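Laboratory data are not the source of any read-out in this text; all were calculated from the coordinates shown. Values in this document were obtained by computation on a predicted structure and should not be read as measured data. For neighbour counting, all protein chains shown are included, and Cβ atoms are generated from backbone atoms with ideal geometry for every residue, glycine included.
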2 protein chains.
Amino acid sequence: MPDTTEISLDKMRASAGNASAMLRSLGNPDRLLLLCQLSQEELCVSDLEERLDIRQPSLSQQLGVLRREGLVSTRREGKHVYYQIADQRVLRLLQTLYELYCAE
Amino acid sequence: MPDTTEISLDKMRASAGNASAMLRSLGNPDRLLLLCQLSQEELCVSDLEERLDIRQPSLSQQLGVLRREGLVSTRREGKHVYYQIADQRVLRLLQTLYELYCAE
DNA sequence: CCGATAATATGTATTTCAATATAATGTTTC
DNA sequence: GAAACATTATATTGAAATACATATTATCGG
């Protein structure tokens, strides 16, 4: 009989690794705010800067983190770079978070 | 007319601060695994040690993080300290994470 | 087409925080 | 008091946050 405990522990570790990487990405107030904005509509960097009052280099750095993690994707239009959510799981998570932390 | 944009930005920041604190707590593979185990049943430290193969002091440190954040609570029974989930929001989040990262 | 300007991204330095390992200390039971 | 279980303290290392300067890319007026 195979040791199913060990097998599922490995799988659990793998899943936990994936999930916790995503959670770390959301676990920063600035990045979470960025994703909340982007969950409503596609926005360019200067839009985000104006709405959230975060300095541009710092904004760009956090957007870089989200890009490298594959959570957002970009589209250039003239001088502007538009960001959008690229991972549907982010939307699901944001929805749950909204219910838990913003509703009522 | 009040500036509703500013007001809701403040509220958003506050909510994002709360939510991202929770997300940071879950954003570590060991802590996420711990919470997954505890979401199924109450367990003591040596149970967790055996199931997850995490060394005991390191386990205790991560459990301490979860305690301080109010995500778990404890109950002593003789020599053993039993841990359980103390924040219902954790259960909701774990459920969503399970669907996104473990189902299928 | 060229230089100026606006928008965005990257590099660098500093500080702060999290992870890891190990040693030492408390607490409970027997 | 000894054994088992758990927490705390300490030291070290690495990663993330922050701030600021600089570079890249695109548009536009001449």
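When only alpha carbons are used to place a centre, the range B:1-73 and the range A:86-104 end up 17 Å from one another. Here the contact order of chain A, divided by its residue count and restricted to Cα pairs under 8 Å and six or more residues apart, works out to 23 percent.
Taking all Cα pairs closer than 8 Å and separated by 6 or more residues, the relative contact order of the range B:46-104 comes to 18 percent. Backbone phi angles across the range B:80-85, fed through the Karplus curve with coefficients 6.51, -1.76 and 1.60 (θ = phi - 60°), yield HN-Hα couplings of 9, 10, 9, 9, 9, 5 Hz in residue order; Gly and Pro are listed as x. Computed from Cα positions, the angle between helix B:4-26 and the longest principal axis of chain B comes to roughly 10 degrees.
Rg over Rh for chain A works out to 1.11, using Cα positions for both radii and the Kirkwood form for Rh.
Mean per-residue shielding of peptide A:57-68 is 0, counting Cβ atoms of other chains within 10 Å of each Cβ.
From most to least packed by mean Cβ count within 10 Å, the peptides B:55-62, B:12-19 give B:12-19, B:55-62.
Distances between equivalent label points of residue A:21 across the copies, with each point positioned 7 Å along Cα→Cβ, amount to 2.9 nm, shortest listed first. Kirkwood radius and radius of gyration were both taken over the C-alpha atoms of the protein assembly as shown, and their ratio Rg/Rh is 1.04. Dipole magnitude for the range A:29-101: computed about the Cα centre from +1 point charges on Lys and Arg Cβ and -1 point charges on Asp and Glu Cβ, it is near 300 debye.
The order of the peptides A:22-32, B:66-76, B:34-44 by mean Cβ neighbours within 10 Å, most packed first, is A:22-32, B:34-44, B:66-76. Phi angles across the range B:50-61 convert, under the Karplus curve 6.51 cos²θ - 1.76 cosθ + 1.60 with θ = phi - 60°, into 3J(HN,Hα) values of 5, 5, 9, 6, 10, 5, 4, x, 5, 4, 4, 5 Hz, Gly and Pro given as x.
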